[in-house]
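One structure is given below, encoded as structure tokens.
The values are calculated or read from the model by the stated rules, or taken from the named source; none is laboratory data. Worth saying up front: this structure is predicted, and the values here are computed from it rather than measured. Quick reminder, even Gly has a Cβ in these numbers, built from the backbone with ideal geometry, and neighbours come from all protein chains shown. Accessible surface is based on the protein model in full, side chains and every heavy atom, while ligands, DNA and RNA are left aside. Shrake-Rupley method; radii C 1.70, N 1.55, O 1.52, S 1.80 Å.
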Amino acid sequence: MADEAKAKGNAAFSAGRFEEAARHFTDAIALAPGNHVLYSNRSAALASVHRYSEALADAEKTVELKPDWAKGYSRLGAAHLGLRDATSAVAAYEKGLVLDPSNEGLKAGLADAKKAAAAPPRRPPPSGADGIGQMFQGPELWTKIASDPTTRAYLEQPDFMQMLRDVQRNPSSLNMYLSDPRMMQVLGLMLNIKIQRPEASESSQASSSPPSQQQQEQPETKAREVEPETEPEPMEVTDEEKERKERKSAAQKEKEAGNAAYKKKDFETAIQHYTKAMELDDEDISYLTNRAAVYIEMGKYDECIKDCDKAVERGRELRADFKMISRALTRKGTALAKLAKTSKDYDIAIETFQKALTEHRNPDTLKKLNEAERAKKELEQQEYYDPKLADEEREKGNQLFKEQKYPDAVKHYTEALRRNPKDPKVYSNRAACYTKLGAMPEGLKDAEKCIELDPTFSKGYTRKGAIQFFMKEYDKAMETYQAGLKHDPNNPELLDGVKRCIEQINKANRGDLSQEEIQERQNKAMQDPEIQNILTDPIMRQILVDLQENPRASQEHLKNPGVMQKIQKLVSAGIVQMR
């Protein structure tokens, strides 16, 4: 129940419904009050709606329950920072970094806290473009945009994200982007007012009659209550800003040209376009990751790795989207896996994929990680393969078997199989050891593997049949012995096995078994899927009724080979007795 409430809270949080998320996490805490993750999640939800005091209480509870969990200190630092207690925030982030020195979130939080601690006392807010531009500096910017359904999608648009970063770096540059309706919409969101586009205002004025004096005064009163900052007067864009905007636009065109060349498999041309885009704009790491993808296609894996390392480093500096960092790490891991020649070479590729997944859990990255781990395991087996050493281990196992030291013998047979997993004799010998130790399921598995590797090896059938006979599955044991006789018709062990199975089956038919023995055989048989299918077949059920009540009609049924085979199966299993 707690997990269900937690899942609902996570879904609400992802959708930007933070109040709802907090309620779900509260429900989960009521069911699992000792779960530190629930307090951490509720702290994040409360901080998102600026309820920092409550968020702080939850963060302190998280640290109390799990003092060695780095994320708890991240929540604690964020709550302190929201309450403008920068000194306590710095202390919290530093404690977290002691536990997890490589945690990027803690590093970024510590940098923000130190910046806030070193900042001078707050001065009256600036006016004009700088004043409104400063509104884009606060931590509530991202929360508000993500929470509003009308603006949430903008966070997925690279060009809009770039505009926001530009304004954060230089608040005066806001005027450059006010012609974009998305920026106007976000500005209205930050000012807490609804900004209408000129076309909408004109149309509304044309369609309505002049308002009365009372109606005209009402909006003015509301405006005074909201008291938004006045919209800045348009400022003249500097030549430097114009040039920067033109360079970004040119870089995007180069990227598009590179993408088109990549689709045509014109890799050299694609490289040229991406390189030109990087020269024009070094604040977008997608040019590097795209060029890295081209290098993979060209087999230039070292160049790909270099580009990916640059992209990660530059992305950290720009605080780029985690998805972009993950993409760069995934492509680096792909290149490393392509270069791997030994099992150890895969270690760094696997580590890189794991880092990518911590940035963003992408199904493609997870698939590549699984493939790398599988390839490493296969290479380890190939590197360990040594038939000569396998024979030596098998001989050691044989000697210990003769000395009745079965557990030690199993160890040597297992090592022999690691050295040479394709030797049926070792599986046969280990199956014999398992039989002596009473480990029948393990012995049966080894015997079946022995037959799979070499269907003509008689020992595999004798091992399997002996185990089945010991388990009183006489019908299955007889089938195994008969299968072996097809390859070795004169094998005395197989012939003796068939004879012993027939004796046991006939013994049951003569009624020589006790009621307990009959019940035990029937219970085992009923666990066999083949027996279950026969008994649930409506036609076979009618035939069994005829065998009991109408012997003449049953004789016609027994002329059918398929029916006769199924009847024999039931007889051998002890389900049906024929006298």
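Over 25 Å between Cα atoms, which of Lys8/Lys95; Lys411/Lys524; Lys276/Lys368; Lys445/Lys507; Lys377/Lys411 qualify?
Lys8/Lys95; Lys411/Lys524; Lys276/Lys368; Lys445/Lys507
Hey, can you find the accessible area per residue of the stretch 1-118 for me, probe 1.4 Å, expressed in square angstrom?
Normalised by residue count, the accessible surface of the stretch 1-118 is 50 Å².
Taking the mean number of other Cβ atoms within 10 Å as a proxy for protection, how do you rank 333-345, 380-392 from highest to lowest?
Per-residue Cβ counts within 10 Å, averaged per peptide and sorted highest first, yield 333-345, 380-392.
By the scheme Lys and Arg +1, Asp and Glu -1, what is the net charge of all other residues having a beta-carbon under 9 Å from that of Val63?
Charge balance near Val63 sits at +2.
From the phi of every residue in the stretch 143-148, what ³J(HN,Hα) in whole Hz does the Karplus formula 6.51 cos²θ - 1.76 cosθ + 1.60 yield, where θ is phi - 60° and glycine or proline is x?
Coupling constants for the stretch 143-148: 5, 5, 5, 5, 7, 8 Hz.
Could you provide, to the nearest whole Å², the per residue accessible area of the stretch 385-512 with probe 1.4 Å?
Roughly 54 Å² per residue, with all protein chains present.
So, in Å, what gap is there between the alpha-carbon centers of the stretch 321-386 and the stretch 397-438?
One Cα centre to the other: 35 Å.
Hull surface divided by four, with the convex hull built on the Cα atoms of the stretch 1-118: how many nm²?
Projected over every direction and averaged, the Cα hull of the stretch 1-118 covers 6.6 nm².
Please give the peptides 43-53, 150-160 ranked by average Cβ packing (other Cβ atoms within 10 Å per residue), highest first, as a rough proxy for protection.
Per-residue Cβ counts within 10 Å, averaged per peptide and sorted highest first, yield 43-53, 150-160.
In whole Hz and in residue order, list the ³J(HN,Hα) couplings for the stretch 537-544 that follow from phi through the Karplus curve 6.51 cos²θ - 1.76 cosθ + 1.60, θ = phi - 60°; x for Gly and Pro.
Each residue of the stretch 537-544 in turn: 6, x, 5, 5, 5, 5, 5, 5 Hz.
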